[in-house]
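Working notes for the structure below.
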Amino acid sequence: MPVPLINSALDTIGSARDRNAGKLGVAMDRLANSFVGSWQVRRTVVDHLNRAKHRFAGTATVTETLISERGELQIGTATVEANRSYQLAMDDDGISVRFLTGLEFVRLGLAPNQIAHHHCGSDMYRGKLLFRNTNFWIEFWRVNGPRKRYSSLTSYRRMG
């Protein structure tokens with residue numbers, strides 16, 4: 001069940017559309033600021049082609065315009081440093097998650113539960129994002145293509 005802050009922000013967004021578009025920006029800012037901060041990240045990746053499991057542990061920093069992850073990825077017996085970043089751009093209808101090149105990865109609406117799709121060449125990414133509250137969310141991705149077939153489950157837990 002979503003936390004009241006998310007419901008309140010989403011209710012405000014819906015009401016603002018009906019009453020006054022000028023207030024919409026305030027509600028969007030409130031929702032975006034709910035996720036600004038530092039997050040503990042845990043990810044499990046199951047490579048279905050190679051029958052292998054990989055784990056990532058690290059942190060994510062979320063600002064109004066960027067999400068950056070840094071940590072360690074365990075691949076078999078090896079551990080390597082890993083990082084990734086995406087740009088975030090909010091508008092009246094949601095959030096565009098973009099690669100650092102500016103190309104859109106996915107577009108998220110304002111509901112606490114999201115389904116996302118992304119085509120990358122001949123690969124298809126299908127994702128589910130579940131925002132439990134402003135302190136915890138999870139992402140599940142299934143990726144299929146000619147040379148890859150994996151699923152990943154990531155949890156984000158607010159730090160501090």
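Applying the set (1) in contact with a strand residue (DSSP E or B) (Cβ under 8 Å, 6 or more places away or on another chain); (2) surrounded by 13 or more Cβ atoms within 10 Å (Cβ to Cβ); (3) within 22 Å of Ser38 (Cβ to Cβ) to Asn133 leaves exactly one unmet item: (1).
Cβ-Cβ distances below 8 Å connect the following pairs, each with a first residue in the stretch 124-136 that is closer than 11 Å to Asn113 by Cα, a second residue that is among the basic types (Lys, Arg) and assigned to a strand (DSSP E or B), and a separation of six or more residues or different chains: Gly127/Arg142. Looking at the stretch 57-92 only, could you name the residues that are within 16 Å of the chain's Cα centre (by Cα) and more than 19 Å from Tyr156 (Cα to Cα)? Those that are within 16 Å of the chain's Cα centre (by Cα) and more than 19 Å from Tyr156 (Cα to Cα): Ala89, Met90. Only one entry of Phe99, Phe131, Phe136, Phe140 meets the criterion of being modelled with pLDDT under 95 and under 21 Å from Ala60 (Cα atoms), and that entry is Phe131. For the condition touching a residue at least 12 places away in the same chain (Cβ under 8 Å), surrounded by 15 or more Cβ atoms within 10 Å (Cβ to Cβ) and either farther than 23 Å from Val46 by Cβ or in contact with a Ser or Thr (Cβ under 6 Å, 6 or more places away or on another chain) (or both), Arg98 qualifies. Look at Asp93 and say whether it is more than 23 Å from Gln40 (Cα to Cα) and at pLDDT below 95. So Asp93 passes the test.
You will find that of Val41, Val106, the residue that is free of Cβ contacts under 8 Å to residues at least 60 places away in the same chain and part of a strand (DSSP E or B) is Val106 and no other.
Scan the stretch 68-103 for residues that are β-branched (Val, Ile, Thr) and either under 22 Å from Ser34 (Cβ atoms) or outside any strand (DSSP E or B) (or both) and the total you get is 4. Scan the stretch 68-82 for residues that are touching a residue at least 24 places away in the same chain (Cβ under 8 Å) and either surrounded by 11 or more Cβ atoms within 10 Å (Cβ to Cβ) or of a type outside the set (Gly, Ala, Ser) (or both) and the total you get is 3.
Hey, could you check the stretch 41-56 for residues that are more than 15 Å from Leu153 (Cα to Cα) and out of contact with any strand residue (DSSP E or B) (no Cβ under 6 Å at 6 or more places or on another chain) and say which is surrounded by the fewest Cβ atoms within 10 Å (Cβ to Cβ)? Selected residue: Arg51. Select from the stretch 82-117 the residues that are of a type in the set (D, E, K, R) and in contact with a Leu (Cβ under 8 Å, 6 or more places away or on another chain) and write down the one among them that is farthest from Ala52 (Cα to Cα). Taking the candidates together, the pick is Asp92.
The values are calculated or read from the model by the stated rules, or taken from the named source; none is laboratory data. These figures come from a predicted structure and were not determined experimentally. Counting neighbours? That spans all protein chains shown, and the Cβs are built from the backbone with ideal geometry, glycine included.
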